[in-house]
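The values are calculated or read from the model by the stated rules, or taken from the named source; none is laboratory data. In this text, all values refer to a predicted model and were calculated from it rather than measured experimentally. Here the Cβ is made from the backbone with ideal geometry for all residues, glycine too, and neighbour counts use every protein chain on show.
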DNA sequence: GTGAAAGCGCTAACAC
DNA sequence: GTGTTAGCGCTTTCAC
């Protein structure tokens, strides 16, 4: 059977408390004792039992990520994949691993009336040391309430708004969209179409604002019929692309609020016999894998999801040590590829 | 503070053992007692503590998925995403959730000399009730040894070979590749290029065999210069596409062993001025999101990763009840899209 | 059918 | 500095 703390203590000839001290790097341990314990740990191949630790102590060595169940399952069923989640996971996983923590992804039914009860159940049974809240539900009041009530530290990912609750890590979606729009203007484009995302996503609204702001800053007017609302799917991008490309005069560039919709625009352009970027420049937002491998490859904004998740996880793990670090802003990168060029 | 089993017992006027019996659906409980306990559970909003349960009992209510760390981090860094992992997760997560289990994704350094020690540490500290092994490491002998030694049930995902160790869920990659090849032959193609994956992946070898087999079955010869090896990346697909499209006579169709490489072939064709599917039909394997949204959308084999993961998770959870169910074969689907057509 | 008591393997308080 | 003791909240064994 696996060794326990008693086995280690016996072999080292010390008390279990001393073993515990060494294991948890508590102060006031002599070098000699520490050496003895460490030797015993190695020779017994001892590994502390997580359940016992979390039952006795204050921490569970578990970080949970709350992910929207409906949205995620819908992504899965439609075969769209979930690039956001996998990138989030990599970032969080790396940090957890370094710190000896484990990451748990939990699907949460945000719409359900039983939401509160289920969250309470989850937090009580798991007692995670921290929770990562993902968009578009990073500011759901029910969730924030439960988290605060149970005293669980949490980070709101991608939350630009400061609610004064929990920690947050975000990027400046508005500025990124403004930069991208300015980039198109810099290339010489004057009629620039915009495919917005659903209003429910705060990030979506921010991107729209950035577009408007950049146009104004360059003395251009945001014409209402150059803005079409999509729902972040390829199909909606395709529809929006068809609408925009059949307006007269045709926009010379189209900026879609995410890559899936940008690919839809590209597809619509191909159907209508408009070449890209020759006939129309197209750019997206997110830098998903599909953006890299499309024809032409997509100019887009790289949203550093993994970095955001890594930063958020670090904040969670270090919250006790550094309680003042409650917000972090992560830089985006404008990735210029072949789908944009000066207007023909 | 959260209610414990003692609170429930006190309120219901029974012993904690009775509460435990009701919670775990053990036999020999009177209806009256059960009703009392359930009422108390509801009124106290009681939720058993996972750590306490797993410390005292035999199960941890945790399922772990072992994922190749290097491969995964490389995917992440290159921005390629990891569609396999996210689909796996959805399938497994759903099943876990239904059964009150939790899913833990663990990055494993398969190449490392410390592999065994780290796995032992992981298994001892977490004590998962089951492990999901993902390709290409689903038959690593070190891992299988440790798993068997610690008595952890495991499922090898995508493992066609029966090692007589653990359970497995797989699809018939060979037959799927043969079907796809036969489909191209059925369209009228006779010179069919093939982009293989790395030999290290068992699935990759199986797909190659399926291609060969279908050609032979239709009286065609597999010409060596029509087969190029890639490494499952877009870039390698692009190179392979260039090589294949500049052979003389040019193949009228190219079958790539995965979608990323098929997109690379599509990109190479565009660069060389060969239209698709007019000039060359292209098809892939996996049905990743990018395959749906490419121009033209890709004909491909849908690998039902989520279904495989769901089946594997069910096998793990029901292993005690149904010890004979050790292998399950999942059906693939040939998805015909616009990237293939009869030769011009 | 039901319950009392003894752990599971740790951490936390407190003594020494 | 180091050890003793008492839990953490459950499941398990074994009486009744």
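Quick notes on this one:
- Being free of Cβ contacts under 8 Å to residues at least 24 places away in the same chain and surrounded by 24 or more Cβ atoms within 10 Å (Cβ to Cβ) is a condition met by no residue of segment B:208-226.
- Residue list for segment A:226-261, restricted to those being modelled with pLDDT under 95, out of contact with any strand residue (DSSP E or B) (no Cβ under 9 Å at 6 or more places or on another chain) and part of a helix (DSSP H, G or I): A:234, A:235
- Taking segment B:62-73 as the range and being part of a helix (DSSP H, G or I) and either within 16 Å of DNA strand C (Cβ to nearest atom) or more than 9 Å from chain A (Cβ to nearest Cβ) (or both) as the test, the residues that pass are B:70, B:71.
- Subset of segment A:74-89 (residues that are more than 7 Å from chain B (Cβ to nearest Cβ) and either modelled with pLDDT under 85 or not in a helix (DSSP H, G or I) (or both)): A:74, A:75, A:77, A:78
- Residues of segment B:176-203 that turn out to be within 18 Å of the chain's Cα centre (by Cα) and either farther than 20 Å from residue B:243 by Cβ or at pLDDT 95 or above (or both), as a count: 7
- Consider segment B:120-148 and keep the residues that are assigned to a helix (DSSP H, G or I) and away from every other protein chain (no Cβ under 11 Å). The one that is surrounded by the fewest Cβ atoms within 10 Å (Cβ to Cβ) is B:141.
- Scanning segment A:262-299 for residues that are assigned to a helix (DSSP H, G or I), more than 9 Å from chain B (Cβ to nearest Cβ) and within 26 Å of the chain's Cα centre (by Cα) returns A:262, A:265.
- Residues being crowded, with 16+ Cβ neighbours inside 10 Å, part of a loop (DSSP other than H, G, I, E, B) and either within 8 Å of DNA strand C (Cβ to nearest atom) or within 14 Å of chain B (Cβ to nearest Cβ) (or both) - total across segment A:1-17: 2
- Residue list for segment A:47-61, restricted to those being within 9 Å of DNA strand C (Cβ to nearest atom) and within 24 Å of residue A:93 (Cα to Cα): A:47, A:48, A:49, A:50, A:51, A:52, A:53, A:54, A:55, A:57, A:58, A:59
- Flag if residue B:97 is out of contact with any helix residue (DSSP H, G or I) (no Cβ under 6 Å at 6 or more places or on another chain), more than 26 Å from residue A:71 (Cβ to Cβ), at the interface with chain A (Cβ under 9 Å from one of its Cβ atoms) and part of a helix (DSSP H, G or I): no
- Only one of the numbered conditions (1) touching a residue at least 12 places away in the same chain (Cβ under 8 Å); (2) more than 8 Å from DNA strand D (Cβ to nearest atom) is not met by residue A:33, and that is (2).
- Qualifying residue in segment B:20-39 (condition: within 14 Å of chain A (Cβ to nearest Cβ) and either within 10 Å of DNA strand C (Cβ to nearest atom) or in contact with a helix residue (DSSP H, G or I) (Cβ under 6 Å, 6 or more places away or on another chain) (or both)): no
- Any hit, segment B:301-321, residues being over 26 Å from residue B:206 (Cα atoms), in contact with a helix residue (DSSP H, G or I) (Cβ under 7 Å, 6 or more places away or on another chain) and modelled with pLDDT under 95: yes
- Taken over segment B:4-17, the criterion of being near DNA strand D (Cβ under 7 Å from one of its atoms) and within 21 Å of residue A:123 (Cα to Cα) is satisfied by B:4, B:5, B:6.
- Residue in segment A:312-322 that is more than 14 Å from every other protein chain (Cβ to nearest Cβ) and over 22 Å from residue A:92 (Cβ atoms) present: no
- Candidates B:20, B:59, B:54: the one that is within 11 Å of DNA strand D (Cβ to nearest atom), assigned to a helix (DSSP H, G or I) and touching a residue at least 60 places away in the same chain (Cβ under 8 Å) is B:54.
- Residues in segment A:160-180 that are surrounded by fewer than 22 Cβ atoms within 10 Å (Cβ to Cβ) and part of a helix (DSSP H, G or I): A:174, A:175, A:179.
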